[in-house]
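Nothing in this text is a laboratory measurement; each read-out follows from the coordinates by a stated rule. What you are looking at is a predicted structure, and each value in this text was computed from that prediction instead of being measured. A quick note on method: Cβ atoms are made from the backbone with ideal geometry, for glycine too, and the neighbour counts reach across all protein chains shown.
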Amino acid sequence: MSGVTVGEAGRKNGSNAALFFRRWMANPLQMGSVVPSSPALCRRIAAQVARGPGEAVLELGAGTGVVSRALLDAGVPPERLLVVEIVPDMAEHLRSALPGVEVLCGDAFDLGRVLPERWHKRIGTAICGIPLVLLPIAEQRRFVQAVEAVAPGRGFLLYTYCITSPLPHGELGLAARREAWTPWNLPPASVWRYWHDDARAHS
Ligand SMILES: C[S@@+](CC[C@H](N)C(=O)[O-])C[C@H]1O[C@@H](n2cnc3c(N)ncnc32)[C@H](O)[C@@H]1O
């Protein structure tokens, strides 16, 4: 890597961090974190992604796009990556930072409307960066239902700083598994997978 490239990468990371921090100051609950996810965490998330032919990867709460970038680096083609971000100036940033990626500015809890219909039932993996742990269970249930409506049976990945499951998965009718953990994030973080557990949902 040349000195010039390192300098550009450094400036980009710096401006990402500055944008992230400004949004955290404006709405800490919506951001859930002071700094973007680390490269180590982003790589661990990307390693969990699966996608069939004709399917896309859906990222919810893309922020400054660090996870999106790791997904592209891991081989997800830009035209098969859909990202949803609720904050308009972050969505604007994502559009210029991620050429070819479909950036949707809207509420992930309203995915049925936010996601263009041509992608409904064509999601291989949904990834959630929204701080769900802070929400009441009724809101968490609404999120689970929103994902299920567009990606039936696929469940979702959720990254978190919690040591145990950030969602009360039994109460939500979900099965859960911690797929990965890294100490190389501030703070250390895990990647959880949730999917519908029919036995629990009908008990
Ligand atoms: C913890 S940050 C994650 C950002 C980035 N993916 C990362 O790992 O650094 C959470 C992001 O979710 C966005 N967000 C929060 N609630 C949302 C919602 N209901 N719909 C879409 N995005 C949301 C926030 O604006 C923020 O950019």
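One table, with the values for the structure above:
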{"quantity": "Stretchable slack from residue 95 to residue 24, in nm (0.36 nm times residue separation minus alpha-carbon distance)", "calculated": "23.5 nm"}
{"quantity": "Built amide H within the under 5 Å cut-off of residue 104, gap 5+", "calculated": "83, 84, 85"}
{"quantity": "Label-to-label distance, nm, for residues given as residue 47 and residue 113 (7 Å Cα→Cβ offset)", "calculated": "3.9"}
{"quantity": "Lys, Arg +1 and Asp, Glu -1 on Cβ, resulting dipole of region 104-203 about Cα centre, debye, nearest 20", "calculated": "240"}
{"quantity": "DSSP H segments from the chain that extend 24 Å or more along their own axis, Cα-based, with Kyte-Doolittle mean of -1.0 or above", "calculated": "3-26"}
{"quantity": "Space enclosed by the convex hull of the alpha-carbon atoms of the chain, per residue, Å³", "calculated": "119"}
{"quantity": "Most mobile listed residue (160, 182, 125) in the chain, GNM with C-alpha springs under 10 Å", "calculated": "182"}
{"quantity": "Theoretical FRET efficiency, 1/(1+(r/R0)^6), r = Cβ-Cβ of residue 162 and residue 40, R0 25 Å, to 0.05", "calculated": "0.90"}
